[in-house]
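Structure record follows, encoded as structure tokens.
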Amino acid sequence: GSGVIIHPEGYILTNEHVVAKATSIKVTLIDKREFDAHLVGADIKSDLAVIKIETKENLPHVDLGRSDDLMIGETVIAIGNPFGLQHTVTTGIISALHRSIKGGKNRVYRGFIQLDASINPGNSGGPLLNINGSLIGINTAIFKQAEGIGFAIPINKAKRIINDLIRYGKVRRGWLGVSVQGMTKEMLRFFHIDRIRGVVVTQVMEGSPGARAGLKRGDVILSLENNEVSDKSDYSERVSTYPVGNTIYMKILRDGKERALSLKVSLLPKSRVVDYVQNWLGFTVNKIQQSLARRYRLATSQGVVVTSVTPNSVGGKIGIQPGDIIRQVNQVRIENEKDFRMAIVKAAGRDSVLILIQRGQNGYYVTLEP
């Protein structure tokens, strides 16, 4: 894998998947010197990690640029170690912006830069530079089917993640306590909106930032920080990038009138993670007791059984039913309610949840996405 020095004290930015399974990390600089490095912090959701080499000298480092003013057709430079060929430089142009890519283990990566310079195994974690030599992205080779194209994580997205990883060792994602759904053509007519944009609030958690700001079920969120919300993915991505403690401004549509609200971004309290994710999933589970086994005619006591499903919830829409047995969550085996709660807590920061359902004698996987 590759990486780029972002601070003279030896902090290096790379991809999470480059260091995910590492038991030890060695860094070779362009002058052939080798250093041992340790992991400072990593974030699965963004596929970013920060490592650090110990040295008393000030190391040369790249300047962090900006990615909010990139243009399609702009010339870019990618550097890395494809197939072990060290310090390989390729050039290309930006082909597209705001790409969503499905990676391994059911992960979805959003907001990527697409370029026509090939990003091969070994390039992951290397810098994407503009013609001024400023860092505008981190190359990644997560999309193995791509031939002749590459993808990079925009540096603006990486900046806050870098700060959190260095300061806390993990990313503290913003939380508003609001569940939303995308706009449909039928909803456009009801809300008298000219085109598909915004998201509709479906639930506001009690005591959450959204509740304190006065958000209500049925409100349409039109913009965040004066930037239009295009769809549900756009909303989720942007909320997760706002620093905890910051105040953000939101424009909503309620009863045919636009209103402005301000919300203070919070950190999801650990005590509420299970409730929050279960509310989002839209179903409740219980230990398989004799009474439930008789009611649903279950032949096993392993796993947990679904006892209720909220209509029109994420779980309800994909067909989860009372009596279904949950056997796995994100490929983690579920034996009891404790296993389910632990798996749900881990799923809180993911873009999607993969669940193995047993119904009768048959088993099948379902994917739940926000």
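The values are calculated or read from the model by the stated rules, or taken from the named source; none is laboratory data. Quick caveat, the model's predicted, so the values are computed rather than measured. Backbone-built Cβ (ideal geometry, glycine too); neighbour counts: all protein chains shown.
Overview of results
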{"quantity": "Which numbered condition residue 299 misses (of (1) assigned to a helix (DSSP H, G or I); (2) loosely packed, with under 15 Cβ neighbours inside 10 Å; (3) of a type outside the set (Phe, Trp, Tyr))", "calculated": "(1)"}
{"quantity": "Tally, over region 38-62, of residues that are more than 20 Å from the chain's Cα centre (by Cα) and closer than 24 Å to residue 136 by Cβ", "calculated": "8"}
{"quantity": "Hits in region 21-45 (condition: touching a residue at least 24 places away in the same chain (Cβ under 8 Å) and more than 16 Å from residue 57 (Cα to Cα))", "calculated": "25, 40, 41, 42, 43, 44, 45"}
{"quantity": "Unique residue being surrounded by fewer than 18 Cβ atoms within 10 Å (Cβ to Cβ) and touching a residue at least 40 places away in the same chain (Cβ under 8 Å) when the list is 182, 177", "calculated": "182"}
{"quantity": "All positions within region 323-347 that are under 17 Å from the mean Cα position of the chain (by Cα) and surrounded by fewer than 17 Cβ atoms within 10 Å (Cβ to Cβ)", "calculated": "330, 345, 346"}
{"quantity": "Qualifying residue in region 80-91 (condition: at pLDDT below 95, part of a strand (DSSP E or B) and crowded, with 19+ Cβ neighbours inside 10 Å)", "calculated": "yes"}
{"quantity": "Region 49-70 residues that are under 15 Å from residue 159 (Cβ atoms) and not assigned by TED's automatic domain parsing to the domain that holds residue 26, paired with ones that are polar (S, T, N, Q) and assigned to a loop (DSSP other than H, G, I, E, B) (beta carbon under 8 Å, 6 or more apart)", "calculated": "62/134; 63/134; 64/134; 65/130; 65/132; 65/134; 66/134"}
{"quantity": "Out of 263, 281, sole residue that is of a type outside the set (Val, Ile, Thr), modelled with pLDDT of 90 or more and crowded, with 20+ Cβ neighbours inside 10 Å", "calculated": "263"}
{"quantity": "Residue ranges of strands (runs of 3 or more DSSP E) in region 142-246 with at least 2 members under 24 Å from residue 102 (Cα atoms) and modelled with pLDDT of 90 or more", "calculated": "150-154"}
{"quantity": "Yes/no for residue 83 being touching a Lys or Arg at 6+ places or on another chain (Cβ under 9 Å) and either more than 22 Å from residue 163 (Cα to Cα) or among the aromatic types (Phe, Trp, Tyr) (or both)", "calculated": "no"}
{"quantity": "Candidates 122, 133 - the one that is in contact with a Phe, Trp or Tyr (Cβ under 6 Å, 6 or more places away or on another chain), farther than 18 Å from residue 109 by Cα and in the same structural domain as residue 95 (by TED's automatic domain parsing)", "calculated": "122"}
{"quantity": "Residues satisfying the stated conditions in region 211-242, i.e. under 14 Å from residue 183 (Cβ atoms) and among the acidic types (Asp, Glu)", "calculated": "219, 228, 231, 234"}
{"quantity": "Exclusive hit being at pLDDT below 90, surrounded by 16 or more Cβ atoms within 10 Å (Cβ to Cβ), among the small types (Gly, Ala, Ser) and more than 26 Å from residue 7 (Cβ to Cβ), set 118, 95, 124", "calculated": "118"}
